[in-house]
Structure formats: C-alpha cells, structure tokens
Amino acid sequence: MSTRLARDLHPLAWWVWALGLAVAASLTTNPIALLMLVAVAGLVVACRRGDHPWSRSFRLYLMLGVFIVLIRVLFRIVFGGGDGTRVLFVLPEVPLPDWVLGIRLLGPVTLESVLAGLYDGLRLATLVICIGAANSLANPKRLLRSVPPALYEVGTALVVATSVLPQLSDSLRRVRAAHRLRGAAGGRLQVLRRLVVPVLEDALERSMRLAAGMDARGYGRAGTLTRAQRQVTGLLMLTGLAGICVGSYAMLDQTAPRWLAGPMLALGVVAAFGGLLAAGRRVQRTRYRPDRWRPGEVAVALSGVVTAAVMYAVATRDFAVAYPVLTEIPTLSLGALLGILVGALPAVVAPPPRQASASAAPTEVTSSAPELAEVSR
C-alpha cells in the first residue's frame, strides 16, 4: 500500500478551487446542481482538512447557509408571497398605504413564490459554503505570505476578515471545553448566555493581540519612498481605476463611443499594473521556504476552473437546466453532472494535510507573536 507524503497545499490553489465552485453556483438556480456543489465542497473538506483551529469552521458555514435559505423563504412569504397560481395557504393581509407600491405584507402564499425564495436562497447559501470550504482548507497566514507586495495591506485586511468566523469557532470550542471541565449545568438559554460573552471577549482579545503584533512588525509602514514617488503611485492607481471604470461601462453600453471601450480599458489596466509595481517597492519582506506550485496544486485549481467553465457552458446553451421553471421538476444534464463531479477531484488528487498536532508545540499558541512568525517566514 503506497503512502503519500502529508503536506499543506498552496492556499491559493484551494481558493481558486473554491471560487470556481462559487462561480458555478452563481450561474444556476437548479437546486439539484446547487445541492451537489454543497456536497462536493463538504466531501473535499471532510477528506482534506487538517486539525488546525480554522479547519473546524465549516460546520458554522453550513449552519449559516441553512439560516440564509430559511430567511430568504420567510421574506418571500412575508413580502409578496402571492406571485403564482397555486396557492398553498392564505395569511391575513396587512393593508399598506397607497404610496407603498409593489409591496404586499402577508396575504396568499403560492408555491411558485416559495420555490423562488428557496432557489435564490440556496444559491446564496452555496456561495457562502464554498467560501467556507476555502477558509477551512487554506491556511490564512500562509495565504498572506502569497499576496503580492503591492497588495500586502489589502491582503492583510482580507485575511483578517476571512478568518473571523474560524477564530470564533475556535474560541467557542475552547470556551465550551472550559465550561464542561467546570461542570457547568443549566438550560440551553443559560448556557448560551454564559458562552456568548466569553467567546466574543476571547475573539476580540485575540484580534487586538494580532493587531498589536502586526503594528510592532511594521505592517502598513510607508517604507523608503519619497513624497513624489508616493504621488506618482497614487496618480497611476487613480488613472487605472478611472480607465477600468470608463472602459467597462463603455463595453456594456453599446451606444457609447468605441474608443471609450477597448482603448480606455487597456489604458486603465496598464496604469493600474504600473501603480501596483510602484506600490510594491515600498514593501520589503523576505520569505522562508516559499510555497511552490506542484502538480497537486495545479490539479486542484484546474478542477475548480473546469467546474466553472462547464456550468458557464450549460448556462449559455441549456438555459432550462441552469434556470429551471418553477412549475416543473428540475432536471440535470449529463454534462452538468460531470462538470460538478470534477470539482470533487481534490478529495483524491490533493495530498493529505499535515496535522498541527504532529508539528506544533505541546502548549496551545494564543499570542500574536507565534501567529505572525509563520507570516513573516
């Protein structure tokens, strides 16, 4: 029996795979396809997640997805649930003033309206679950190391923002373990009240320690650039942003002059690229053992890209499969089925993750200095 060397996959590979699944979910409202995408994400997470603190957050994203679906269906029932012909039940309608046009409060609830809310909520929930899969599989600190120097501050903010829910999950786990060790008893409401404040306080303290450690290591410093160089960098970035905005608008608006479409878009991209290069000069950092792309990373990233490409082809060529009619039972074509199953390949082609218990110190790391040590390496 052959054994594979355990190692952590490049975090960008996991994010490319997850974004591919998210793009595929955004291109359809077919509940069968969306549920299969959720199943694919759950399968890969179950097979390739480690025992790191952020790896335990996927269940929270699943619960958030269920909450999104329920809220979306509830909104369709409360606000305008009468679009359709097959009435399920009738609620007492609340009269509204004449200036509130197009909004109805309660009243008859139809099957088509409930299904529309269910399909839309399921699509949004699938997007959230795909992002949660990337958060559960990719090391956020290693992801920060892979960000280009010009986007280092932006990448820092994104990494901190995307790691909030995993950090809350880890805090909840540790607080619940402490309560069990103390033998705390009581009803569900009492337990919830005893958990909320310690969990939020612990997460806030860890965030403050992380911010203090980043400030001590010079994150966000201006570097050695002169004032004139910073002004040139800002001018290039503003020019690039304006060019991209004008070019994109002209590409979408067919009545706009054509010289505002392609040429302005190209000028904006070139200016933005120049601004990024100029901004990257002020960030000087070294990398210890930089992450490299290997065949496993390529296979994982390509599986997500292929899934997105197949669903795009289905959405453009087989509209009835991608966006089923509410009055009919949704179906799934063979091409869409195979495209979604390609997204499950990381469960097989990705190497097994390196467990934190095998390499971490015996004591649990809670301070910001060890957390940032991996980022700085």
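Coordinate-derived values only; no laboratory data. The structure presented is a predicted model; accordingly, all values stated were derived computationally and were not measured. Counting neighbours? That spans all protein chains shown, and the Cβs are built from the backbone with ideal geometry, glycine included.
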- request: Report ³J(HN,Hα) in whole Hz for each residue of region 234-242, in order, from the Karplus equation J = 6.51 cos²θ - 1.76 cosθ + 1.60 where θ = phi - 60°; Gly and Pro get x.
  value: x, 5, 5, 5, 5, 4, x, 5, 5
query: If you stretched the chain out fully between Leu74 and Val90, how much longer would it get, using 0.36 nm times the residue separation minus the C-alpha to C-alpha distance?
result: 4.3 nm
message: Let me make sure I get this right: for region 3-91, a, b and c are the square roots of the gyration tensor eigenvalues over alpha carbons, sorted descending. Under 1.5 in a/c it's rounded, otherwise prolate if a/b > b/c, else oblate. Which is it?
response: prolate
query: How would you rank Tyr312, Tyr61, going from fewest to most other Cβ atoms within 10 Å of each one's own Cβ?
result: Tyr312, Tyr61
Computed FRET value (nearest 0.05) for Ser248 with Ala6, which takes r as the C-beta separation and R₀ as 30 Å: 0.10
